[in-house]
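**Student:** There's a structure below that I have some questions on.
The values are calculated or read from the model by the stated rules, or taken from the named source; none is laboratory data. In this text the structure is predicted, and so the values were computed from the model without any measurement. FYI the Cβ positions are ideal-geometry reconstructions off the backbone, even for glycines, and counts take in every protein chain you see.
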Amino acid sequence: MNMQQLLRQRARWQPWKRVLGFATGALLGLSACAPVEESAVTNASGANAKVYQWKMITTWPKNLPGLGAAPERLAERLRIMSNGRLDIKVYGAGELVGALEVFDAVSQGTAQMGHGAAYYWRGKNPAAAMFATVPFGMNAQEMNGWLRYGGGLELWQELYGKFNLVPFAAGNSGVQMAGWFNKEINSIDDLQGLKMRIPGIGGEVLSRAGGVPVILPGGEIFTALQTGVIDATEWVGPYNDLAFSLHTAAKYYYYPGWHEPGPTLEAFVNKDAWEALPTDLRAMIEVATQAINEDMLSEFTARNNAALDTLIDEHGVQLRRLPDDVIAALRASSAEVVAEIADADPLARRIYDSYMAYLEDVRRYHSISEQAYMNLRESAD
Ligand code: CA
C-alpha cells in the first residue's frame, strides 16, 4: 500500500471514534456550562465589550481523549472566564490544516491559536524539541520547574518569537510508554531496520541505533501499523493508546518511555493576535493554559492504570520491559544526538545549556527526594 492509499484508508476508518462515545460525553459533562449564547456576547458592555472570535487548530484528531481534550477544555474555560469575549473554535487535525502544518498556519495568521507539541517543529530549529521532551531528560514535574522558574519559558518565547508566535505550556502526559511492537525486542539486533513511528529527538536516536524512524501525525498511526507500513509505533500511554485501538494492530507493549519522559504539550498564539488582546484576556490565557497543563497530567495519572488493566486483562496485550542493553544503546545514541542540538545556532546553544544545567541541578536534588522516596516505597513490597 502506498502513502496515498494509506491516507485514503485513514480518512475512511478512524478507530478511536468507536470508543469516543463515552469520552465525548465525559468531556461535555466536564464542561458544565452551556455554550455562551449570542445574547450574552452582545449584552457585554463598557470598554472591554469587544468579542474576539478565534480559531484554534491542533495536531490532534478532533475529540481524541487526553491530548485532544486539552484544546477543547482550554477554549471552553476561556469562553466562560471572559464572559464570551474570547470565543475560540477548536479544529482537529485536517479540518482546517494538516496536523504538521499547525505551526506555520498560526505563524502566518491563518488561525490565531494552535495546540500541539514542540518536537513536531524540529525542522524550524532543532532546539524546539527541548520544549517538548528530551530522551532520558526531565519528567513532567521537572519540565514545569524549568519552564516556569528555571528560565525555560523565556527561551521558548524568544525562539517562537522569531516565528511570530507566543508559546505556553498546555499539557503533559507524564512518562509515556516505549510503544507497540509487532515482534519482541530481545536485543539491539531487533532494532535494526525496524520501521517505527517516533517523532522528535527520539526518532533521531532510534535512527542512530539502527532503526528507521517514521513521522506520522496521530490520526495516521493505526492504519500504518495495521497494514505493515510501520513495524512499531509509540503514541502516548495506556489511556490514549487504548482510544486508538493500537492493541488490535500490535501485541507487544513496551516500557519505559525513554524517549518521552514527560513531554510538555503546547498552546501558541499568533503574536499579532496576542498583542491586539486587552491585558485581562491575555492574563486569562496565561492562567487557563497553566490550568490545562496541570489538568492533562492529572487526567492521564488517574486514567492510565485502568486502561492498562483493560489492555492486559481484556485484550491480551503482552507487557514487556525493554532489555537493559537496548536501553544502554539508546542512551548512548541519545547523548550524541542531544549534544548536536547545541551546534545549530547561538540560541539553540543557550536553550541546550539552560536545559542541561537545570537537569543537572534537579537530578541532584531529586535523587535524594522524589527518586529516593519512590525507591523507598517500592522496597516495602
Ligand atoms: Ca509520544
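Rundown of residues vs (1) touching a helix residue (DSSP H, G or I) at 6+ places or on another chain (Cβ under 6 Å); (2) closer than 26 Å to LEU308 by Cα; (3) of a type in the set (Ser, Thr, Tyr), yes/no style:
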position: ASN164; (1), (2), (3): yes, no, no
position: ALA170; (1), (2), (3): yes, yes, no
position: SER173; (1), (2), (3): yes, yes, yes
position: GLN176; (1), (2), (3): no, yes, no
position: ASN186; (1), (2), (3): no, yes, no
position: ASP190; (1), (2), (3): no, yes, no
position: GLY193; (1), (2), (3): no, no, no
position: ILE198; (1), (2), (3): yes, yes, no
position: GLY203; (1), (2), (3): no, yes, no
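**Student:** Condition test on ASP325, is it within 30 Å of ASP189 (Cβ to Cβ) and of a type in the set (Asp, Glu)?
**Tutor:** Judged against the criteria, ASP325 is a match.
**Student:** Counting only residues that are more than 19 Å from the chain's Cα centre (by Cα) and within 16 Å of the ligand (Cβ to nearest atom), give me the helices (runs of 4 or more DSSP H) lying completely in the range 250-341 with at least 2 of them.
**Tutor:** So the answer is 324-341.
**Student:** Given the options ARG122, ARG85, name the one that is in contact (Cβ under 8 Å) with a residue 24 or more places away in the chain and farther than 26 Å from VAL287 by Cβ.
**Tutor:** Step by step, each of ARG122, ARG85 is checked, and only ARG122 is in contact (Cβ under 8 Å) with a residue 24 or more places away in the chain and farther than 26 Å from VAL287 by Cβ.
**Student:** Kindly establish whether GLY193 is away from the ligand (no atom under 14 Å from the Cβ) and crowded, with 19+ Cβ neighbours inside 10 Å.
**Tutor:** no
**Student:** Follow-up question, since we're still on this one. Can you say whether GLY211 is touching an Asp or Glu at 6+ places or on another chain (Cβ under 7 Å) and either under 22 Å from ASP309 (Cα atoms) or more than 13 Å from the ligand (Cβ to nearest atom) (or both), as far as the supplied structure shows?
**Tutor:** Judged against the criteria, GLY211 is not a match.
**Student:** Another question about this same structure. Please verify whether VAL326 is buried (at least 18 other Cβ atoms within 10 Å of the Cβ), touching a residue at least 60 places away in the same chain (Cβ under 8 Å), of a type outside the set (Asp, Glu) and in contact with a Lys or Arg (Cβ under 7 Å, 6 or more places away or on another chain), treating the condition exactly as stated.
**Tutor:** no
**Student:** If a residue must be surrounded by fewer than 23 Cβ atoms within 10 Å (Cβ to Cβ), modelled with pLDDT of 95 or more and either within 14 Å of the chain's Cα centre (by Cα) or among the hydroxyl-bearing types (Ser, Thr, Tyr) (or both), how many such residues does the range 37-67 contain?
**Tutor:** The total comes to 1.
**Student:** Check whether at least one residue in the range 267-284 is in contact with a helix residue (DSSP H, G or I) (Cβ under 6 Å, 6 or more places away or on another chain), buried (at least 20 other Cβ atoms within 10 Å of the Cβ), within 22 Å of PRO126 (Cα to Cα) and of a type in the set (S, T, N, Q), and report yes or no.
**Tutor:** Among the residues of the range 267-284, at least one is in contact with a helix residue (DSSP H, G or I) (Cβ under 6 Å, 6 or more places away or on another chain), buried (at least 20 other Cβ atoms within 10 Å of the Cβ), within 22 Å of PRO126 (Cα to Cα) and of a type in the set (S, T, N, Q), which makes the answer yes.
**Student:** VAL205 is checked against (1) touching a residue at least 12 places away in the same chain (Cβ under 8 Å); (2) more than 13 Å from the ligand (Cβ to nearest atom); (3) more than 21 Å from ASN139 (Cα to Cα) and fails just one. What number does that condition carry?
**Tutor:** Exception for VAL205: condition (3).
**Student:** In the range 243-254, is there at least one residue being of a type in the set (A, V, I, L, M) and surrounded by fewer than 19 Cβ atoms within 10 Å (Cβ to Cβ)?
**Tutor:** no
**Student:** Of (1) out of contact with any Asp or Glu (no Cβ under 8 Å at 6 or more places or on another chain); (2) within 11 Å of the ligand (Cβ to nearest atom); (3) more than 22 Å from VAL317 (Cβ to Cβ), GLY200 satisfies all except one. Which?
**Tutor:** It is condition (1) that GLY200 fails.
**Student:** Shifting gears a bit: If the Cβ limit is 6 Å and pairs must be 6+ apart or interchain, which residue in the range 163-180 that is in contact (Cβ under 8 Å) with a residue 12 or more places away in the chain and within 12 Å of the ligand (Cβ to nearest atom) pairs with which residue that is charged (D, E, K, R) and not in a strand (DSSP E or B)?
**Tutor:** What qualifies is GLN176/GLU260; GLY179/GLU234.
**Student:** Would you be able to tell me the number of residues in the range 125-158 that are out of contact with any strand residue (DSSP E or B) (no Cβ under 8 Å at 6 or more places or on another chain), in contact (Cβ under 8 Å) with a residue 24 or more places away in the chain and either closer than 16 Å to PRO346 by Cα or not polar (S, T, N, Q) (or both)?
**Tutor:** Number satisfying all stated conditions: 19.
**Student:** Right, another one. Suppose we filter the range 53-109 for residues that are part of a loop (DSSP other than H, G, I, E, B) and among the acidic types (Asp, Glu); how many remain?
**Tutor:** 1
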